[in-house]
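The values are calculated or read from the model by the stated rules, or taken from the named source; none is laboratory data. As the structure is a computational prediction, the values presented were derived from the model and not from experiment. All Cβ positions, even for glycine, are placed from backbone atoms using ideal geometry, and neighbour counts span all protein chains on display.
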């Protein structure tokens, strides 16, 4: 067992669209990341052939689009995204959002980006 904090995260990196991520657990069968997204930020619509994900909001609120349906997630709310579901998380609001992303199995190269309509 290993205790984890932001200062001991396995890896920290910035998103291309202004967000940040901290890998808290990285195992072939499971990944846990803490992510932050600035106001107005978002990710490209994509899907995973094998990975399932669970998004859980810790601070702020965000929108998650899954297969054309948009869901608002507030603090202490989460959403399960099954493998194959076309999705993206974004923050059209005026404050940063922080959230956990739990992926099983870990994403690795299992991300297929889609063109925005």
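Below is a table of values for the structure above.
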{"item": "Meets criteria (in contact with a strand residue (DSSP E or B) (Cβ under 8 Å, 6 or more places away or on another chain), outside any strand (DSSP E or B) and at positive phi) for residue 18", "result": "yes"}
{"item": "Any hit, the range 49-60, residues being touching a residue at least 40 places away in the same chain (Cβ under 8 Å), buried (at least 16 other Cβ atoms within 10 Å of the Cβ), in contact with a strand residue (DSSP E or B) (Cβ under 9 Å, 6 or more places away or on another chain) and part of a loop (DSSP other than H, G, I, E, B)", "result": "yes"}
{"item": "In the range 74-111, the residues that are surrounded by fewer than 15 Cβ atoms within 10 Å (Cβ to Cβ), in contact with a strand residue (DSSP E or B) (Cβ under 8 Å, 6 or more places away or on another chain) and at pLDDT below 95", "result": "111"}
{"item": "Cβ pairs under 9 Å, 6+ apart, first in the range 89-117 and more than 26 Å from residue 59 (Cα to Cα), second at pLDDT below 95 and loosely packed, with under 11 Cβ neighbours inside 10 Å", "result": "108/28"}
{"item": "Where a residue in the range 1-14 is more than 17 Å from residue 36 (Cα to Cα) and its partner, wherever it lies, is surrounded by 10 or more Cβ atoms within 10 Å (Cβ to Cβ), with Cβ under 6 Å and at least six apart", "result": "4/24"}
{"item": "Subset of the range 25-48 (residues that are in a strand (DSSP E or B) and within 13 Å of the chain's Cα centre (by Cα))", "result": "31, 32, 33, 34, 35, 36, 37, 42, 46, 47"}
{"item": "All positions within the range 32-48 that are within 14 Å of residue 83 (Cβ to Cβ) and touching a strand residue (DSSP E or B) at 6+ places or on another chain (Cβ under 6 Å)", "result": "46, 47"}
